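Since the structure comes first, as structure tokens, the remarks are kept for the end.
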Amino acid sequence: MLPILKKITICVSSVIVLASCGGGNDVASGGASTGVTSASAVAPAASVASSNNSARTTVSPTMAAIDKVGNSFTSVPAGSILRVAYVDAFANTFAGIPAAGFAAPDILIYAFVQSGLTSPVLDSALISAITSAAPKQSVGSKTFISIGGQNGSSATLSNTATVVSNVSAGIKALNATLPTANQVVGVDLDLENGISAATISALAAGFKQAGFLVSIAPQPIAGPVQAAPWNAPNVDPASPNGVTGVSSALYLSSGSTSNDYGAAIASGNVDYIFAQAYNTGPGAVNIGQCAETQTCIVGQLATALNNLVKTSCAGSTGTPLCIPSTTRYAIGLPSIRGAAGTYTIWQPPTGAPYNDQNILSVLAVEINKAPLNGKNGIMTWVLNADYSPAKDPYNDSYACIGGFSSVVFGATQAMSCP
């Protein structure tokens with residue numbers, strides 16, 4: 001992810017009206033027996049004539065999700081996936097996130113600890129963000145803070161005992177001011193600049209021993225090809241540890257070419273894997289012949305991770321990858337094009353207009369057919385961008401406001417599209 005950068009309900013084109021947006025609960029949607037399964041629907045904007053041929057640009061959670069033209073948008077059913085979202089606590093767009101945005105995810109990760117790495121007091125921006133936003137989260141959701149990001153370095157993280165001590169003390173002091181239901185319970189390791197496996201393992205073990213849940217945000221890459229002449233860095237989801245002469249092994253990297261997170265995962269000290277399926281770069285990895293620029297990466301990567309799960313990883317060094325059955329995962333995606341770089345599902349990548357509505361629709365279909373469930377799911381960077389897409393630093397004038405949260409996470413806040 002990026003330090004201040006890192007969206008799916010539907011508006012409508014002028015030809016097709018898309019509905020069934022949001023994926024909310026049965027109370028709002030009419031209940032299981034009514035045949036209406038979403039809490040949100042596309043409503044005509046005030047300035048648009050109320051006819052079947054009008055383009056609809058806002059979403060209301062109070063309308064029945066029925067498309068009068070006969071075309072319905074496939075949103076992600078409520079409760080079907082683990083929903084994880086990062087929040088940039090330092091960005092001026094933080095204030096643009098509505099209460100419904102904070103309420104939709106199951107896990108909220110506030111990024112990133114900076115001065116709190118070298119001091120037993122968390123950064124004031126993190127304290128302010130969590131104090132104001134955590135009470136808006138849904139009952140049962142979990143609050144994490146993250147260390148690292150694009151600017152995390154070996155220099156600031158190498159003394160792992162000090163980092164664990166300082167961050168733990170900072171969290172303890174913050175939690176003393178928060179209601180029990182809103183306290184920080186986890187630490188996320190978003191370590192991207194080639195941080196060593198030893199450092200990652202020590203941090204994971206340290207925070208786990210300190211009583212926190214631990215999550216990681218690795219970059220999936222293709223490991224070394226097992227034998228020449230195979231050159232394409234493709235991982236076969238059915239055989240994610242590689243097949244000699246046929247496919248590469250899946251590695252979970254911190255920005256290097258190594259399996260940096262493998263040992264920490266195999267140790268059992270990692271509770272959640274939030275795999276960043278974007279920005280690895282050209283040719284770094286294909287999963288089942290799906291690149292980061294294709295929505296099919298979601299299902300292919302999920303299949304690969306499922307096939308790496310073992311009842312026990314005792315004795316494993318982490319390479320090849322072994323994921324204990326107690327570890328959950330989420331496939332990470334940027335919420336809009338402006339939240340990340342060139343290699344994402346949001347295409348074309350820069351400058352030219354893109355159809356956020358179409359991409360969100362295709363993504364929702366992909367998520368619904370992917371081997372995900374309430375145990376595993378989707379992560380996004382970042383809520384700020386989802387709700388303030390056109391503002392600096394995202395500068396994305398084509399994205400729907402609140403689109404990702406509405407369609408993927410079932411947020412009830414009305415969304416709007418350009």
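The values are calculated or read from the model by the stated rules, or taken from the named source; none is laboratory data. From a predicted model like this one, the values you see are computed outputs, not experimental measurements. So basically every Cβ, Gly included, is an ideal-geometry build from the backbone, and we count neighbours across all protein chains shown.
Quick one: would you say T380 is at pLDDT below 95 and among the β-branched types (V, I, T)? Against the criterion (at pLDDT below 95 and among the β-branched types (V, I, T)), T380 does not qualify. Scanning segment 142-163 for residues that are more than 30 Å from A103 (Cβ to Cβ), among the polar types (S, T, N, Q) and crowded, with 18+ Cβ neighbours inside 10 Å yields a count of 1.
A residue that is in contact with an Asp or Glu (Cβ under 7 Å, 6 or more places away or on another chain) and over 20 Å from A330 (Cβ atoms) occurs somewhere in segment 93-101. Filtering segment 164-193 to residues that are of a type in the set (G, A, S) and more than 23 Å from F102 (Cα to Cα) leaves S165, S168, A169.
Here the strands (runs of 3 or more DSSP E) wholly within segment 192-290 that include at least 3 residues being buried (at least 18 other Cβ atoms within 10 Å of the Cβ) and hydroxyl-bearing (S, T, Y) are 247-253.
Hey, which of the strands (runs of 3 or more DSSP E) in segment 25-130, taking only ones fully inside, have at least 3 residues that are buried (at least 21 other Cβ atoms within 10 Å of the Cβ) and at pLDDT 50 or above? Break it down into steps so the answer makes sense when it comes.
Working: elements: 41-43, 58-60, 82-88, 107-113.
Those strands (runs of 3 or more DSSP E) span 82-88, 107-113.
Quick check on segment 157-165. Is at least one of its residues among the small types (G, A, S) and closer than 27 Å to A104 by Cα? Scanning segment 157-165, I find no residue that is among the small types (G, A, S) and closer than 27 Å to A104 by Cα, so the answer is no. Selection within segment 314-347: residues that are of a type in the set (A, V, I, L, M, F, W, C), part of a loop (DSSP other than H, G, I, E, B) and surrounded by 23 or more Cβ atoms within 10 Å (Cβ to Cβ). The member of this set that is farthest from the chain's Cα centre (by Cα) is L321.
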